[in-house]
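*Asks:* Quick one: structure below, then a few questions.
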Amino acid sequence: MSSLKVLNDEISNCTKCPRLNAWRKEGAIKKRKSYQDHHYWARPVPGFGVSNPKLLVVGLAPGAHGANRTGRIFTGDRSGDWLYRAMHKAGFANQAASIDLKDGLKLNDARVLTAVRCAPPDNKPTTIERDNCSYWLEKEWKLIKKDLHCVIALGSFAWQETIKLLTSDGFEAIKKIPKFKHEASALFQKKKQKILLIASYHPSQQNTFTKRLTEPMFDRVFTLAKRQIANS
Ligand code: SF4
């Protein structure tokens, strides 16, 4: 079994955070009306994609009735529709649809994960839960970082967590790191490896319904990532 497969299994069985442990199971009991006949995953959700990505996409946490239901990150909810549609347009996914584990979705040169692996109430993990889960983020990072050229952080939480991750691993920002805003970016370097961190507003309904994030804005972030990879 590959180390990443072992890690995914370990993550899926983690019970370190009592509140989140209870919440993800509660979500599976109090199912949404439209998913009454679905069997919910109701466990931590591991990363998805290739094991040696050039692009890493970091989100906040699984959706209560999306990834917490389907068992694959950003799958089965509107945020996932936005994410994989944009990745498909940029050539990072073989299809736009992300419905469930059997939909045939495959990523090209890319991996998607969340900083916290369990669905939290109101999408707000506590600082203790965040810190508990950074253990898994660091472990996964060590396994997949070798060929990375770009990280897209979806939302300010993911932006902060990725900066922490990069700096704790010895990467240094070449210039002053800007504040989080859509399309903000920072180039990090460690020895010969350079990684461009790009910020994007999260494709949550809160942002997409209000047009804070539009489809062209989101597509542009993936075009920037593509350009960075092509020039690396
Ligand atoms: S949030 Fe992370 S550390 Fe906490 S129970 Fe879930 S997988 Fe484990």
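*Asks:* Can you tell which of 59, 80, 104 is within 21 Å of residue 165 (Cβ to Cβ) and not β-branched (Val, Ile, Thr)?
*Replies:* Answer to the selection: 59.
*Asks:* Could you look through segment 18-45, keep only residues that are open to solvent by 20 Å² or more (accessible area, probe 1.4 Å) and within 11 Å of the ligand (Cβ to nearest atom), and pick out the one that is nearest to residue 108 (Cα to Cα)?
*Replies:* Applying the filter and picking the extreme gives 43.
*Asks:* Also: Does segment 70-85 contain any residue that is at pLDDT 95 or above, open to solvent by 20 Å² or more (accessible area, probe 1.4 Å) and under 16 Å from residue 225 (Cβ atoms)?
*Replies:* The answer is yes; a qualifying residue exists.
*Asks:* Scan segment 145-164 residue by residue and report those that are part of a helix (DSSP H, G or I) and buried (at least 21 other Cβ atoms within 10 Å of the Cβ).
*Replies:* Within segment 145-164, 157, 158, 159, 161, 162 qualify.
*Asks:* Of the numbered conditions (1) within 16 Å of the ligand (Cβ to nearest atom); (2) touching a Ser or Thr at 6+ places or on another chain (Cβ under 9 Å); (3) within 19 Å of residue 205 (Cα to Cα); (4) open to solvent by 10 Å² or more (accessible area, probe 1.4 Å), residue 138 satisfies every one except a single condition; which is it?
*Replies:* (3)
*Asks:* While we're here: Looking for whichever is of a type in the set (A, V, I, L, M, F, W, C), open to solvent by 60 Å² or more (accessible area, probe 1.4 Å) and closer than 30 Å to residue 129 by Cβ here; the options are 218, 180, 209. Which one fits?
*Replies:* 209
*Asks:* Based on what the data block shows, is residue 4 touching a residue at least 24 places away in the same chain (Cβ under 8 Å), touching a Ser or Thr at 6+ places or on another chain (Cβ under 7 Å) and assigned to a helix (DSSP H, G or I)?
*Replies:* Here the answer is yes, as residue 4 does meet what is asked.
*Asks:* With the requirement that a residue be open to solvent by 100 Å² or more (accessible area, probe 1.4 Å) and near the ligand (Cβ under 8 Å from one of its atoms), what does segment 1-17 give you?
*Replies:* 16
*Asks:* Now for a different question. Report, by residue number, each residue of segment 104-115 that is touching a residue at least 24 places away in the same chain (Cβ under 8 Å) and either more than 12 Å from the ligand (Cβ to nearest atom) or over 19 Å from residue 8 (Cβ atoms) (or both).
*Replies:* 105, 107, 108, 109, 110, 111, 112
*Asks:* Which one of 222, 188, 218, 180 is aromatic (Phe, Trp, Tyr) and assigned to a strand (DSSP E or B)?
*Replies:* Criteria check complete, one pass: 188.
*Asks:* Give all pairs with beta carbons closer than 7 Å in which a residue from segment 116-143 that is among the polar types (S, T, N, Q) meets a residue that is open to solvent by 30 Å² or more (accessible area, probe 1.4 Å) and near the ligand (Cβ under 9 Å from one of its atoms); count only pairs at least 6 apart in sequence or on separate chains.
*Replies:* From segment 116-143, the pairs are 132/16.
*Asks:* Looking at residue 124 and the list (1) more than 16 Å from the ligand (Cβ to nearest atom); (2) closer than 18 Å to residue 206 by Cα; (3) of a type outside the set (S, T, N, Q), which single condition is not satisfied?
*Replies:* Going through the list (1) more than 16 Å from the ligand (Cβ to nearest atom); (2) closer than 18 Å to residue 206 by Cα; (3) of a type outside the set (S, T, N, Q), residue 124 breaks only (1).
*Asks:* Have a look at 169, 147 and point out the one that is charged (D, E, K, R) and out of contact with any Phe, Trp or Tyr (no Cβ under 8 Å at 6 or more places or on another chain).
*Replies:* Only one candidate qualifies: 147.
*Asks:* I would also like to ask the following. Considering only residues that are under 21 Å from residue 27 (Cβ atoms), small (Gly, Ala, Ser), touching a residue at least 40 places away in the same chain (Cβ under 8 Å) and not in a loop (DSSP other than H, G, I, E, B), which ones fall in segment 59-96?
*Replies:* 59, 67, 79
The values are calculated or read from the model by the stated rules, or taken from the named source; none is laboratory data. Predicted model, so just to flag it, every value in this text is computed and none were measured. Neighbour counts are summed over all protein chains in view; Cβ atoms, including those assigned to glycine, are modelled from backbone coordinates with ideal geometry. Protein only, heavy atoms only, side chains kept; ligands, DNA and RNA dropped before computing areas. Shrake-Rupley method; radii C 1.70, N 1.55, O 1.52, S 1.80 Å.
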